[in-house]
Every structure is written in C-alpha cells, then in structure tokens.
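This report refers to the structure that appears directly beneath it.
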Number of protein chains: 2
Amino acid sequence: MDHLEMLRGLSVENNTKIVLLVLDGLGGLPSPDGMTELESASTPNLDLLASRSETGLLEMVDTGITPGSGPGHLGLFGYDPRKYLIGRGILEAIGVGAEVLPGDVCARGNFCTWGDGDIIIDRRAGRIETVESSRIVDRLRETITGIEGVKVRLYAGIEHRFAVVFSGDGLDDRVSDADPQAEGKPMVWSRPLAPSGDKTARVINSFVKTVRECLADEKKANGCLLRGFSGTPAIPLFPDLYKMRSAAIATYPMYKGLARIVGMEVVEAGRTIEGLFNTLRSSWEHYDYFFVHVKYTDSRGEDGDFDAKRDVIERVDGFVPEVLLLKPDVLVVTGDHSTPSVLGAHSWHPSPFLLASPHVRPDGAPAFGERVCARGSMGIMHAYKLMGLMLAHAGRLAKYGA
Amino acid sequence: MDHLEMLRGLSVENNTKIVLLVLDGLGGLPSPDGMTELESASTPNLDLLASRSETGLLEMVDTGITPGSGPGHLGLFGYDPRKYLIGRGILEAIGVGAEVLPGDVCARGNFCTWGDGDIIIDRRAGRIETVESSRIVDRLRETITGIEGVKVRLYAGIEHRFAVVFSGDGLDDRVSDADPQAEGKPMVWSRPLAPSGDKTARVINSFVKTVRECLADEKKANGCLLRGFSGTPAIPLFPDLYKMRSAAIATYPMYKGLARIVGMEVVEAGRTIEGLFNTLRSSWEHYDYFFVHVKYTDSRGEDGDFDAKRDVIERVDGFVPEVLLLKPDVLVVTGDHSTPSVLGAHSWHPSPFLLASPHVRPDGAPAFGERVCARGSMGIMHAYKLMGLMLAHAGRLAKYGA
C-alpha cells in the first residue's frame with residue numbers, strides 16, 4: 001500500500017496540537033574549529049529538549065541528493081519528493097498570492113539588465129529594491145494584458161523578482177527557460193520540450209520581447225527573464241490526507257506558496273522571527289498543525305556567514321520556551337535541507353531533527369546537533385516518513401490491520 | 001527483484017535450526033522512573049545473550065504505524081505487511097482450528113446483549129465465560145446449518161468470542177461489518193461493498209437474525225455481532241519460500257491461525273509459558289524453524305500493568321538457558337509490535353531485537369533493552385527483512401549472482 005494512502009486511511013481527528021518548526025537550511029558543516037553552526041551555537045533550550053526527545057537525521061530526498069526548497073518541504077509534509085514534483089514557477093506565483101487554476105502556466109521572473117545584441121549584463125538588474133520592482137510591474141500591467149488570447153497576470157516579488165501566470169487554452173508547461181543562466185551571454189529563448197508546448201514557448205518569448213520594448217527607457221531593469229514554467233500539481237491535500245486544520249506561519253512567499261499548494265492555510269506573520277512566534281501563539285486555538293518556517297538560517301548560510309547563521313539559531317532557541325508554554329502534543333525541530341556556510345549553498349547532508357512528545361523513548365541526547373542526532377534512536381530516516389511519526393505521537397493514526 | 005522472490009530463489013535446505021522467540025508486544029515506554037518494562041526487568045540471560053548478538057530495532061510496518069497482530073507477525077515471517085493483508089475473520093477462524101478453503105468467507109463473532117428496539121447494550125455480553133460461549137455455540141449448531149444453500153460452520157472462541165465460516169457459491173468478503181461498533185446504539189447491518197457482495201450480506205444478516213431468535217431466552221448472550229469478513233489470502237507459503245519444516249508453538253488461537261495461513265505446522269503447547277518451552281524441546285528433532293509465541297507480555301501491557309508485563313519478561317528470561325541448551329544455529333528474540341503499559345495498547349514504536357548466531361559481529365550490548373538496541377549495529381530495520389537475515393545466519397541462502 002502506498003505510504004500516503006496508508007496515512008490517509010488511518011488518520012483520525014482529535015484535539016491534539018502538532019508543531020513543525022523548520023529552520024531553513026539548518027544542517028551545516030564544521031568550521032576549522034571542528035563544530036557546525038548548530039553545534040557551536042549556544043542553544044540551552046534546544047539542548048534540554050533534545051535530551052527528552054527522540055533524535056535522528058532526515059534524508060530529505062535520497063542519499064547524496066541536494067534538495068531545493070520545494071522537495072525539502074514536500075518531504076517534511078509527508079510527500080515523497082521523488083514522486084511528487086512541484087515546479088518553481090507555481091511555487092513563486094502562489095507564494096505572492098496569485099490564484100492558479102488547472103491549465104495555467106506559471107513562471108518565475110527576474111528583472112535584468114540587457115546590453116547590446118541581446119547580451120544579458122546582469123541577471124538580477126543590480127538587485128533593484130522591492131519598491132522599484134513593484135513600480136515596474138505596475139508599468140507592465142498597463143501595457144501587457146494578453147498575448148494570442150492568453151491572459152497574462154503579473155505579480156511583484158522581493159527585489160528583482162516577479163511572477164507571471166499565463167491563462168488560456170492550449171498551454172503546456174513543458175517548455176525550456178527563457179534565460180541564459182549566465183551573465184555576459186546572449187539571451188536564450190524558450191523552446192517547446194514537447195510538441196504541445198509550441199504555443200506556450202511562443203507566448204513566453206513574445207512576452208519577454210514586449211517587456212524589453214516597454215522597459216527600454218529603464219536604467220537597470222530594462223528587460224526580464226522567465227524560468228521554472230509549471231502548472232498546478234496533482235497532489236493529495238492536507239485536509240483530506242491528515243484531517244487537521246493546518247496553518248503555515250512563514251515570512252517568505254515561497255514557503256507560504258508551498259503550504260497553500262498542499263492545502264494549508266497561511267496565517268500572516270510579518271517579516272521577523274518574533275512575529276512568527278507571536279502568530280503561533282495568537283492562532284493556537286484555531287489550528288491543529290502548525291508549520292513554522294524560519295528563513296534566515298538558510299539566508300545566512302547562503303551568504304557563507306557562519307557566525308550570522310549561528311546567531312539566527314541562537315535567536316530561535318530563545319523562543320523555544322514560548323513554544324513549550326503552549327504545550328504542543330508533538331514538537332519537531334528540524335530543517336528542510338542543509339545549508340553549510342562553508343559551502344554557501346544548499347547541500348545533500350541530512351538534517352538533524354528532534355521529536356518531543358510524552359510518548360517518546362528519550363535518547364538522552366547531550367545536545368541538539370548533527371553528530372549527536374546521527375547517533376539518535378531514529379537513525380537516518382526519510383523525511384517523508386516524519387509526518388506519520390508526528391501523527392502517531394499525536395494519537396492521530398488508527399491501528400493498521402487486526 | 002521482489003524481496004520474497006529473491007529469498008525463494010536463493011533458499012536451500014540444510015540441517016540447521018532456527019528459533020524465533022516472539023514476546024508479543026515486547027517494546028514499551030519509560031515509566032516515570034525513566035525505564036521501560038524490558039529495561040527495568042531483571043533479565044540476566046537475555047542480557048548476556050544480547051552482548052554476544054547483533055541488536056537493533058524492528059520497524060514492523062512503517063514509521064509511525066501501529067500494527068495489529070496480523071501485520072506484526074506477517075513482517076516477522078518475511079512478508080511486507082504493506083503488501084500482504086490478512087483479514088481478521090480468517091485469522092480468528094483458522095486460529096480456532098477451522099479448515100478454510102478458497103471461496104469461503106470467515107467472520108469474527110461476538111456474543112452480545114440486545115435490548116429493546118435492536119439497541120446493542122453490551123457488545124461482549126458481559127464477557128461471558130468460555131464454557132458459556134461453548135454451550136451457546138452448541139445450541140446454535142443444532143439450529144443453524146445453512147442459509148440460502150450456504151453452509152454455516154460455528155467455532156467457539158475464548159470468552160464471548162466465536163468464529164463463523166460460510167461456504168458456498170457466490171460469496172464475496174467485500175461486505176461491511178454487522179456491528180454498531182459502539183454500545184447503546186441500534187444494530188448496524190451488513191451491506192455489500194461491491195455488487196458481488198449482495199448475497200453474502202444477505203446471508204450474514206439472516207444469520208444474525210436467526211441467532212437473535214434462537215437465543216431470545218438467554219440472559220446475557222441473547223444475540224451476536226459479526227465483523228472482519230475475509231477469505232483465504234493469496235500468499236506464498238513457508239515450505240515453498242524457505243524450504244524448512246516449520247513449527248508454530250503458541251498458546252492463543254490467533255497466532256496459531258496466522259502460522260497456519262503462512263504454511264507452518266501448529267504444535268500444541270497448552271496454555272502456559274513453561275508448556276511452550278517443553279514443546280520446543282520435545283519437537284526439536286522434527287522441525288527446522290520454530291516460531292515460539294509468548295502472548296502474556298502483550299496482555300499485561302494492554303492491561304496497563306507495567307509490573308506484570310515486566311514479570312512476564314523475567315519469567316521468559318528464565319527459560320532462555322533451556323533454549324540455548326538445544327544449540328539453535330540462529331536465535332532471534334523480539335516482539336511483533338510494542339505494547340507500552342503506559343498506553344495500554346499496541347503502539348508504533350519499533351521492537352527491540354537480538355540475533356544470536358556463531359556468525360554475528362557482536363555489538364557487545366550491555367543489556368537487552370529498547371535504548372540499547374536503538375544503538376545496535378542493525379539500526380532500525382524493516383521487520384520483513386529479518387527472515388532473510390535468519391536464513392543467512394543458518395546457511396540457508398545461496399549466493400546472489402555469480
């Protein structure tokens with residue numbers, strides 16, 4: 001029997017509360033002094049919690065595979081990311097609040113700087129500010145509403161980013177990116193990857209050309225690139241699978257979008273870490289399952305800033321007592337992938353996790369860290385199996401078979 | 001290649017002896033003093049054995065999934081319980097010694113107390129004694145032999161339980177339970193779950209009505225409920241798969257039934273723990289594989305009686321030297337699932353196991369317990385993989401590939 005089908009068949013409703021606290025890119029690698037960001041962070045609250053928890057490492061996708069944000073979170077939500085794929089375009093679009101219907105094709109956009117002869121000088125247009133990006137999107141909305149009968153909707157994102165949703169008959173997301181992927185190179189146009197992608201590639205390229213003409217007078221953002229074309233995925237949804245009222249408490253569009261795709265409700269939480277935990281407390285009575293997403297561990301890891309990533313971990317540790325005061329029946333703390341500062345990028349290393357509940361066999365872990373969790377009682381576990389474990393500890397799964 | 005097909009293709013005969021000693025519901029959770037039933041039990045023999053064994057934890061079905069007795073044992077016998085399902089009705093029927101042929105439909109029965117207007121007052125008829133149940137089954141056998149040309153066979157069980165086997169043309173086990181599942185509620189009748197279940201549902205409901213009429217003068221057991229309708233499963237059998245003469249030594253009908261379903265022979269062993277080990281010794285020359293099942297660890301765990309469960313474990317420990325005197329080539333000690341006394345029910349926690357054989361890399365485990373096994377060299381292993389490991393240690397698997 002399929003894993004999700006089993007969970008769907010066994011899940012029952014009750015009044016327990018589950019918290020999944022994700023520190024994006026939590027896992028790291030040792031600095032020259034031999035300790036990872038998490039190991040060197042002063043985390044008295046997480047350490048105490050780990051000592052009373054079951055611990056282990058989560059393999060997000062498969063051994064040696066570095067996950068993007070989509071697959072990493074899908075795993076945490078119970079979906080085997082080798083089986084369920086969600087395109088980056090739709091993630092971005094839903095993340096900024098776009099309504100996407102089956103048949104639509106979404107894309108991530110960058111405003112960029114074009115030079116002579118279609119050379120892309122800067123793929124991010126000097127990382128223009130968010131207000132600039134909004135202004136330019138407004139300009140484009142006045143000019144571009146449809147192409148070949150296809151409706152075009154534009155959404156401003158953070159800094160140089162935006163999202164597009166194409167709606168109309170005969171669209172197909174099997175088309176290549178309209179993006180040279182490198183700077184100083186000529187523009188690369190979208191091509192169909194299946195015969196039924198002809199129209200979509202044509203509409204995309206027409207859109208990019210129109211944007212180029214429309215923004216010719218802009219200094220930095222005088223063009224755009226589109227990539228990650230994708231439509232709505234065929235995926236079973238949280239309320240149906242797990243019978244929980246589920247809340248996503250996140251600051252970044254991407255993670256809100258992902259949560260909406262799997263059927264969670266998004267509760268607005270502002271942009272700060274403190275805001276996340278305030279929102280958790282204020283929405284406590286209204287939901288059963290809380291996905292709390294801290295972005296900044298990943299951001300600082302991607303910056304290659306070991307100390308700053310460690311500091312974010314320490315700040316989150318300070319909010320752990322507030323979470324415990326809410327008395328969740330199950331609390332998991334983990335990451336969606338590793339982002340070691342020494343690599344400055346996502347990595348394949350499994351994510352340390354702890355699961356706290358009244359029904360664990362505590363490992364007595366001396367601290368919360370990668371090497372301690374590697375010796376934890378849960379071993380290395382596929383991330384998509386975490387959801388079943390959380391539901392079990394919350395008393396939300398009936399017995400399998402007689 | 002399918003796991004069982006691989007074992008079937010590689011298994012060879014020899015004269016080694018394998019013992020699988022199952023303490024039903026062995027795994028537990030810590031009491032307030034921090035130790036589980038197994039960890040707090042005085043088990044000098046199992047502890048010494050563990051130090052010379054490979055140890056680990058068995059995941060019976062899947063992470064977070066609480067197994068019923070059927071799936072738990074199927075796993076121990078080498079069948080992935082996510083793939084092979086056995087209905088409760090046939091388990092119960094074969095357990096009490098019924099012969100079941102393909103096309104038959106079996107059910108678990110409860111004698112119950114009916115009130116006015118078909119209200120089910122007590123689903124277990126006050127847990128009448130086994131002799132009472134036998135007397136009532138004898139009464140019914142005189143009255144009911146067939147319905148619509150379908151032959152009806154009745155078998156008394158323990159306390160209020162009995163089993164029925166329906167034999168005849170056109171039966172289908174895809175019918176719902178004839179059981180309100182709760183007390184103080186009106187009777188709920190069987191319904192077909194597939195069009196071909198029409199006749200079966202009709203026969204079942206007719207049977208229940210006839211029983212109600214027949215037992216109208218009984219004080220407690222004046223009616224019955226039927227549930228868990230199921231026929232013979234399509235499952236490859238022990239002699240074919242593993243080429244061993246296999247014996248089941250168990251006290252309870254359910255486990256004898258399960259052993260028969262997979263193709264073992266059942267050796268009668270009475271009702272005591274001592275009887276199990278006497279039977280193991282007396283049947284030693286006649287079989288290659290011995291499944292020895294101790295029920296009482298689970299029973300005491302389900303009673304929520306921590307001390308009594310610990311006492312059963314200590315009693316079994318006392319028989320371990322007798323097993324070792326027989327010089328089995330492979331001895332595994334484990335459970336079919338966990339039954340923590342603090343939960344008073346089956347649970348999802350993996351089962352500690354030890355495997356003793358001359359060809360292990362001993363872990364040097366300091367004792368036999370959940371947390372020690374969690375650090376064992378076998379890690380967390382799917383239970384259905386245990387059979388291959390046992391066969392290998394017994395020299396009963398040929399090399400895979402040239």
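Laboratory data are not the source of any read-out in this text; all were calculated from the coordinates shown. Remember, it's a predicted structure, so these values are computed and weren't measured experimentally. As a convention, Cβ positions derive from the backbone with ideal geometry for all residues, glycine included, and neighbour counts pool all protein chains shown.
Axis angle, to the nearest 10 degrees, between helix A:130-143 and the longest C-alpha principal axis of chain A: 50 degrees.
Looking at chain B, the pairs of alpha carbons with a distance over 34 Å make up 33% of the total. Both radii were evaluated on the Cα set of segment A:58-118; the Rg over Rh quotient, with Rh as the Kirkwood radius, amounts to 1.12. Using every Cα-Cα pair within segment B:91-230, state what percent have a distance larger than 19 Å. Pairs farther apart than 19 Å: 45 percent. Remark: mean inter-chain Cβ contacts per residue of B:82-93 equal 2, using a 10 Å Cβ-Cβ cutoff to other protein chain atoms. With respect to chain A, whose longest principal axis is taken over its alpha-carbon atoms, helix A:273-282 is tilted by about 70°. Averaged across A:390-400, how many Cβ atoms of other chains sit within 10 Å of each residue's Cβ atom? For peptide A:390-400, the averaged partner shielding equals 5. Look at the Cα gyration tensor of segment B:154-259: its axes a ≥ b ≥ c give a/c of at least 1.5 with a/b at or below b/c, and that counts as oblate. Only helices enter the 222 nm calculation for the protein assembly as shown: every DSSP H run of n ≥ 4 contributes -39,500 (n - 2.57), and dividing by all residues gives -9500 deg cm²/dmol, rounded to 500.
The residues packed around A:Arg361, meaning those with a beta-carbon under 13 Å from its beta-carbon, carry a net charge of -2 if Lys and Arg are +1 and Asp and Glu are -1. For the protein assembly as shown, the share of alpha carbon pairs falling in successive 20 Å distance bins from zero is 14, 39, 32, 14, 2, 0 percent. What is the sum of charges around A:Pro321, taking Lys and Arg as +1, Asp and Glu as -1, for the other residues whose C-beta is under 15 Å from the C-beta of A:Pro321? Local charge sum for A:Pro321: -1. For segment A:321-375 versus segment B:351-373, the inter-centroid distance based on Cα atoms is 27 Å. Histogrammed with a bin width of 10 Å, the alpha carbon distances of segment A:212-329 distribute as 12, 31, 29, 20, 8, 1 percent, first bin at zero. When both segment B:1-73 and segment A:220-299 are represented by their alpha-carbon centers, they are found 41 Å apart. Here the protein assembly as shown is assigned +1 on the Cβ of each Lys and Arg and -1 on the Cβ of each Asp and Glu. Its dipole about the Cα centre then comes out at about 1040 debye.
The angle between the Cα long axis of helix A:198-214 and the longest principal axis of the Cα atoms of chain A comes to about 70 degrees, rounded to the nearest 10. Across the alpha-carbon atoms of segment A:307-402, the computed radius of gyration and Dmax are 15.1, 53 angstrom. The other copies place their B:Pro362 label points at 3.2 nm from this one, listed shortest first, where each point is 7 Å from Cα along Cα→Cβ. Mean partner shielding of peptide A:376-386, defined as the number of other chain Cβ atoms within 10 Å of each residue Cβ, is 4. Taking amide H atoms as placed 1.01 Å from N in the peptide plane, the amide H of A:Gly379 lies under 5 Å from those of A:Leu57, each 5 or more residues away in sequence or on another chain.
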